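Nothing in this text is a laboratory measurement; each read-out follows from the coordinates by a stated rule. As the structure is a prediction and not an experimental result, all values here were calculated from the model. Here the Cβ positions follow ideal geometry from the backbone for every residue, glycine too, while neighbour counts run over all protein chains shown.
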Amino acid sequence: MAELNQGAGQERTDVEIEKTIDTLVVGAGQAGVAMSEHLSKHGVPHLVLERKRIAEAWRTGRWDSLVANGPAWHDRFPGLEFDLDPEVFVTKEQVVAYFEAYAGKINAPIRTGVEVKKVVRNTDTSGFTVETSAGVIQAERVVVATGPFSAACGSIDCSSRRETDSDSLCRLPQSGATARRYCPGGGSWVVGSTNRR
């Protein structure tokens, strides 16, 4: 198999990918990296495809000031501690660096810069035909490990106020805002149960 591992989330488009693989994992975020670790432990040949960079949702789809939901001792993969005070709530940048370090530690076969365009169950043979931006792959199994906890729900629209809203209220959907600058003046509250913003 060609060398497929990525260092520090660098995009590699010069590496040829396998055309047939036992298991294809789509997405190189927390779930995709964790799946790669488990597949490797069980000796299952696999490939992880990521359309952008490792942990892309943490890089570009989170509020600028986001910290993890729990302290560093709690939010981690097996066998790799965060290199900081275990009681600290890590920043999104620290999470990205950690995912990259973990992917390197487990030698995860991640190929970045490859978009999965279509997955179709084969009718004449077992497995799936997967169309990607780098060609077609035949996989016996496909694991979809894309996106954070919930689906995106539109774009920023601070003009969509209800009559009962005060002038100082700015409603933001879960996706679309990554910084406080999108709300006019003063502080802001993030209300909800996911860590998307």
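Loop-resident GluC sites (Glu not before Pro) (DSSP state other than H, G, I, E or B) in the range 56-89 with no more than 12 further Cβ atoms inside 10 Å of their Cβ: Glu81, Glu87. Charges on Cβ only, +1 for Lys and Arg, -1 for Asp and Glu, centred on the Cα centroid of the range 26-149; of Gly27, His38, Gln94, which one is farthest towards the dipole's positive end? Working it through, the farthest residue towards the positive pole turns out to be Gly27. Dimensions of the range 20-144 along the principal axes, based on C-alpha atoms and rounded to the nearest Å, stand at 54, 30, 19, largest first. Computed 3J(HN,Hα) for the range 67-78, one whole-Hz value per residue from the Karplus formula 6.51 cos²θ - 1.76 cosθ + 1.60 where θ = phi - 60°, is 10, 4, 5, x, x, 4, 5, 8, 8, 7, 8, x, glycine and proline marked x. Listed by chain and number, the lysines whose alpha-carbon sits under 19 Å from that of Lys117, ignoring those within fewer than 8 places in the same chain, are Lys19, Lys52.
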